1. Provide the net charge surrounding Cys90, with neighbours chosen by a C-beta distance below 9 Å and charges set as Lys +1, Arg +1, Asp -1, Glu -1.
2. Under a Cβ-only charge scheme (Lys and Arg +1, Asp and Glu -1), can you give me the dipole magnitude of region 170-321 about the Cα centre, in debye to the nearest 20?
3. Applying 1/(1 + (r/R0)^6) with R0 = 41 Å to the Cβ-Cβ distance of Glu356 and Lys113, what FRET efficiency is obtained, to the nearest 0.05?
4. For Lys384, go through the lysines and keep the ones whose alpha-carbon is under 22 Å away, minus same-chain ones fewer than eight residues off.
5. Counting only DSSP beta bridges with both residues in the chain, tell me the antiparallel percent, nearest 5.
6. Separation of region 16-72 and region 276-315 by C-alpha centroid, Å?
7. Give the average over all directions of the projected area of the C-alpha convex hull of region 8-128, one decimal, in nm².
8. Could you pull out every whole DSSP H run in the chain that spans at least 15 Å of Cα extent along its own axis and averages 1.6 or higher on the Kyte-Doolittle scale?
Amino acid sequence: MTDTSLAHDQDSKRYPLSFTQEWFLTLDKGDDGGPFSPRYLIVSALRITGPVDLAVLQGALDDVVARHELLRTLVVRDASPPYQQVCPPCRVPLEVRDLPPATGESRDMLIQKLIHEVEGGTMSAREVPLLRALLCRFDDRDSALFLTVHHSVSDGWSAQVILRDLGAFYAARVSGTPPKLDEMRQYREFAEWQRASTASTSDDGALRYWTEKLDGAREFVMPNDHGRPERYSRPYSLHVFSIDAGIMAGAAALATATRGTRFTVMLAAIYVLANQITGATDLTVKAVTAGRSELQFHNTLGLFLNVLPFRTEIADCISFRDVVMKTRETFIDVMANELPAGLLEQAFPDYIRSREDPRMSQLLIMQPPSQYGEMILPIAEGAKEIDEVLLEEAESSDIASGTEWHLNAQPDGALSGGVHFNLDEFEQRTVQGWTAGLKRILVGAVRDPDQDWKHL
């Protein structure tokens, strides 16, 4: 079903948008980019052992869409005001591909190439369902399932919800018993709760906190090489970097010693990098949070992610340890006073004016969700999520704007990082220089966290 046919569908229902959906609208560039573009996607992959019953898999996929309204919800952007419209349950497109025998490369590597192939695809945000599947079979007992969902209705946490629920529905259809799933609330209910909750923020001090915190603040932006075009001429690229387990073990030890987290140490290192790039010491760096403070919505699929500004003045810090301690204080205060990104930008527009300069581009820190850990799903004889191996110079799905820095912890303790950027703005060597700088800062910082941070 497309948004042009909604007016003729009596079963579709309209609901107000969440603040996150409204914020996404402010970033929308249509098919030319932004969060509603056909390339703004999230891809998950499963390695499945044993024969897959295609009819059961199709039914389980359809069950997921029936359970989660947002997978069959369209954001009607050209209405005044825009709204979300929930459509009836519908069939999920499922493609089945039998793979020829691999020659010269492992099945694991072939799966990684398939992940990047799927990520390079497109999906319209104007048609439901906003989920599709590709099953690639090596043989009767070894296959890979790729699930693509449009990012306008999902986030990293929600991708995990989809996988968990798919496994439960598959097992239920095989056994003929009800699925073992907890009760959940729909995303439209979250939107209603969010609006009611935010209306009372003046009473809990959150707005007062941000009024003081963002006074005089400017979002940190990075100088680009070619200016920011109104329209990109090519897909986004991905620069891959890694930081070995020994360095990250030192970062974890420093986090423990400062009663912080690995994120506060990484953010402190990015503050130092930002200073080395621009010379600024009053730094407002934005990072993604899960946006799921309420337990009642932990099983809900939807666009919950939030982007918060972490402002820290590091001029009075002497050592890197001092920078980490101040970063920890910022982190605690920000998370205790979380408000939707769109509301902050609407209430305090001055702090985002720095992005208006086309010679500068945004930086956004991304971290994967960790609410479920490793899952073995009851599909066939067992299905396990595949960790994506970031491939250098691979094309990536679209991002909202600027650069996105992904920081992913690996099972061996190392950090696998990736910077999404566009060659219309940045030279590859510029991005390589940034990540090399971040690694150099971390190496020096964990070796001697009490040294002068300006010398890292």
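The values are calculated or read from the model by the stated rules, or taken from the named source; none is laboratory data. What you are looking at is a predicted structure, and each value in this text was computed from that prediction instead of being measured. When we count neighbours, we look across all protein chains shown, and the Cβ atoms used for this are built from the backbone with ideal geometry, even at glycine. All accessible areas refer to the heavy atoms of the entire protein, side chains included, with ligands and DNA or RNA removed. Shrake-Rupley method; radii C 1.70, N 1.55, O 1.52, S 1.80 Å.
1. Values: positive: Arg72, Arg91; negative: Asp62.
In short, +1.
2. Result for region 170-321 is approximately 460 debye, rounded to the nearest 20.
3. Efficiency, rounded to the nearest 0.05: 0.55.
4. Reachable lysines: Lys113, Lys180.
5. Details: 58 of 70 bridges.
So the antiparallel bridges amount to about 85 percent of the total.
6. 23 Å
7. Numbers: hull surface 39.8 nm².
Seen from a random direction, the Cα hull of region 8-128 projects 10.0 nm² on average.
8. Numbers: long enough: 54-67 (20 Å, 1.00); 107-119 (18 Å, -0.22); 156-175 (29 Å, 0.50); 187-198 (16 Å, -1.40); 245-257 (18 Å, 1.64); 262-278 (24 Å, 1.23); 320-336 (24 Å, 0.21); 428-447 (29 Å, 0.02).
Qualifying helices, which must be both long enough and hydrophobic enough, are 245-257.
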